[in-house]
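The values are calculated or read from the model by the stated rules, or taken from the named source; none is laboratory data. What you see is a predicted model; the values in this text were computed from it and never measured. Ideal geometry is used to build each Cβ from the backbone, glycine not excepted, and the neighbour counts take in all protein chains shown.
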Amino acid sequence: MIVQRALDRPGVPWRNGLGVQYEIAADGPLPDGWGWRLSSADITTDVPFSSFPGVDRFFCVGEGNGVVLTIDGIEHRCGSRSVTHFRGDAQVVAQLIDGPMKAINLMVRDGAPHRGYHVVLEGSQVVAMCAVALAGGATVQIGGTTHELENLDALVGHHEMSVEIIRGAVVVVS
């Protein structure tokens, strides 16, 4: 297990070139050799998302006031700790709610082993491959060791690990 600091991740342009993402973990090489991948992204303006045919996408507000995702013409208000699921080939446009925000995204290719993606609050214990701290940070414990995570810092395992959330909220991939 490694502690990955959000500030240490290099930025990579979105597929459509209209934003920046920061890779957290993947089960294969980037840019296209993965079955699943987890990243964070800055959304600083109203913007269309990149298309990823053959992929399930999961989206969570990691920091900021949220966004309205218009997915194939239907608006979905995405606030703190909500998870929104959509297909990668859907037409998606993000409209900011009161300023820039940061998202946490999981993409899973069709046919790849499914990965769960959900928000876990303090006082919970889960088994996960990765855990990413939401706004406000989090304190987590793994195997008797306590880790302080700032916004969007991640714990990334080589295999599933038991994670206890002492303070805050995290998005976990299991």
Given the conditions (1) outside the structural domain of P53 (by TED's automatic domain parsing); (2) loosely packed, with under 15 Cβ neighbours inside 10 Å; (3) under 15 Å from the mean Cα position of the chain (by Cα), which single one is not true for E148? (3)
Where D89 falls short, out of the listed (1) assigned by TED's automatic domain parsing to the domain that holds W36; (2) assigned to a strand (DSSP E or B); (3) surrounded by fewer than 19 Cβ atoms within 10 Å (Cβ to Cβ): (2)
Only unsatisfied item for H76, checking (1) in contact (Cβ under 8 Å) with a residue 60 or more places away in the chain; (2) part of a strand (DSSP E or B), is (1)
Checked segment 138-174 for anything touching a Phe, Trp or Tyr at 6+ places or on another chain (Cβ under 9 Å), β-branched (V, I, T) and farther than 18 Å from G123 by Cβ; matches are V173
Candidate set: segment 1-15, residues that are among the hydrophobic types (A, V, I, L, M, F, W, C) and in a loop (DSSP other than H, G, I, E, B); chosen: the one nearest to V127 (Cα to Cα): M1
Please verify whether segment 58-66 includes one or more residues that are more than 13 Å from the chain's Cα centre (by Cα) and in a strand (DSSP E or B). no
Top-ranked residue in segment 35-77 [being aromatic (F, W, Y) and crowded, with 19+ Cβ neighbours inside 10 Å; ranked as farthest from G99 (Cα to Cα)]: W36
When restricted to L69, L18, L30, the only residue under 29 Å from A138 (Cα atoms) and assigned to a loop (DSSP other than H, G, I, E, B) is L30
